[in-house]
1. With respect to the numbered conditions (1) surrounded by 13 or more Cβ atoms within 10 Å (Cβ to Cβ); (2) within 21 Å of Glu74 (Cβ to Cβ); (3) of a type in the set (Gly, Ala, Ser), which one is the sole condition not fulfilled by Gly94?
2. Of the conditions (1) within 20 Å of Thr225 (Cα to Cα); (2) among the hydroxyl-bearing types (Ser, Thr, Tyr); (3) assigned to a helix (DSSP H, G or I), Ser90 clears all except one; give me its number.
3. Exactly one condition in (1) exposed (fewer than 15 other Cβ atoms within 10 Å of the Cβ); (2) closer than 19 Å to Ser222 by Cβ is false for Gly108; which is it?
4. Could you give every pair whose Cβ atoms fall below 6 Å, whose first residue belongs to the stretch 164-183 and is within 17 Å of Ile254 (Cα to Cα), and whose second residue is in a helix (DSSP H, G or I) and polar (S, T, N, Q), counting only separations of at least 6 or pairs across chains?
5. Go through the stretch 165-215 and give me each residue that's acidic (Asp, Glu) and in contact with an Asp or Glu (Cβ under 7 Å, 6 or more places away or on another chain).
6. Cβ-Cβ under 6 Å, sequence separation 6+ or interchain: first residue in the stretch 44-65 and over 22 Å from Ser144 (Cα atoms) and in contact (Cβ under 8 Å) with a residue 60 or more places away in the chain, partner of a type outside the set (A, V, I, L, M) and assigned to a loop (DSSP other than H, G, I, E, B). Which pairs?
7. Name the residues in the stretch 133-165 that are over 30 Å from Leu32 (Cβ atoms) and among the small types (Gly, Ala, Ser), would you?
8. Of all the residues that make up the stretch 121-154, how many are more than 19 Å from Ala186 (Cα to Cα), without any contact (Cβ under 8 Å) to a residue 60 or more places away in the chain and surrounded by fewer than 24 Cβ atoms within 10 Å (Cβ to Cβ)?
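The values are calculated or read from the model by the stated rules, or taken from the named source; none is laboratory data. These figures come from a predicted structure and were not determined experimentally. All Cβ positions, glycine included, derive from the backbone under ideal geometry; neighbour counts span all protein chains shown.
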Amino acid sequence: MKTPLLLYSQTASSLFIPCLSAFKTTLNSSTLGAYINKCLSLNGNQLKVADRLYLLNKNVHLVAIGKAAPVMVESAEKILGQHFVDGIASVPTGSNIPNNLKTQFLFGAENNLPDEQALENTKQIENFVKFIGQPNQLILFLISGGGSALLPAPINGISLANKLEIIKLLQNYGADIKQLNVVRQALSRLKGGGLSRLASPAQQIALIVSDIIGDPIELISSGPTVILNKSSQKPMEIINKLGIKREQIGQKIIKVLEQREEKVKEKEVDILNIIVANNSMILK
């Protein structure tokens with residue numbers, strides 16, 4: 001029996017399609033690489049991903065974020081061949097990188113925590129995406145666990161230290177991963193679909209490895225390629241529910257959070273998000 005692949009598109013309703021068999025072994029380069037291969041099918045200059053076809057003309061760029069980025073990048077580069085132009089990846093310090101890859105790897109987020117190096121890496125990724133985010137270009141995002149720490153991008157007026165203090169406060173009050181990611185998104189330029197907006201009007205595909213139970217696609221690595229909508233959970237609702245007092249947050253942060261709730265940007269983005277693996281599949 002095949003395990004369903006979760007597919008989500010900003011231009012179409014969510015649906016499930018059969019694509020992957022259940023994982024039989026632990027996650028490693030051969031298993032994850034095999035499932036990337038099953039989801040990306042290149043025939044000449046046509047790339048098939050799920051039920052969509054993309055016409056390639058040496059115009060594909062990679063942006064990878066997370067612990068599994070080296071494996072995912074290696075597979076993607078091989079599949080894309082001559083159509084792959086360049087790529088950039090943010091990975092944890094100490095990651096092993098396969099030889100002979102064209103993608104540039106940036107290291108940071110030691111101990112799975114956002115740090116100044118990860119912040120600098122994020123700026124490089126932003127510049128890369130801005131430059132290639134043009135019509136007739138295709139960006140393939142490869143997202144996996146650890147992405148939240150590897151892509152810190154505090155909104156204007158908020159420092160990385162401010163953001164970390166708020167997240168630590170929420171953790172002390174028992175916030176779960178879903179609640180933490182909602183607040184992270186509100187305090188970030190790139191999370192909650194910000195990275196995908198930045199890449200528009202380029203066509204975009206995101207292959208995602210889920211590390212959250214239930215696979216809430218908008219929360220995996222804080223959803224950098226998943227456009228938030230107005231019905232999304234609001235950060236101040238979470239803070240109030242946890243019993244955190246407003247003075248503990250500070251008026252400056254509260255003002256920013258409330259303004260973000262009112263300004264959910266609407267922008268037409270051509271993005272196809274696909275979950276290629278998750279924890280339950282890996283553990284079978």
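1. Answer for Gly94: the failing condition is (1).
2. (3)
3. Among (1) exposed (fewer than 15 other Cβ atoms within 10 Å of the Cβ); (2) closer than 19 Å to Ser222 by Cβ, the lone unmet condition for Gly108 is (1).
4. Once the first residue is within 17 Å of Ile254 (Cα to Cα) and sits in the stretch 164-183, its partners that are in a helix (DSSP H, G or I) and polar (S, T, N, Q) give Asn181/Ser222.
5. none
6. Qualifying pairs under 6 Å: Leu56/Asn45; Asn59/Gln137.
7. Result: Gly157, Ser159, Ala161.
8. Going through the stretch 121-154 one residue at a time, the tally reaches 3.
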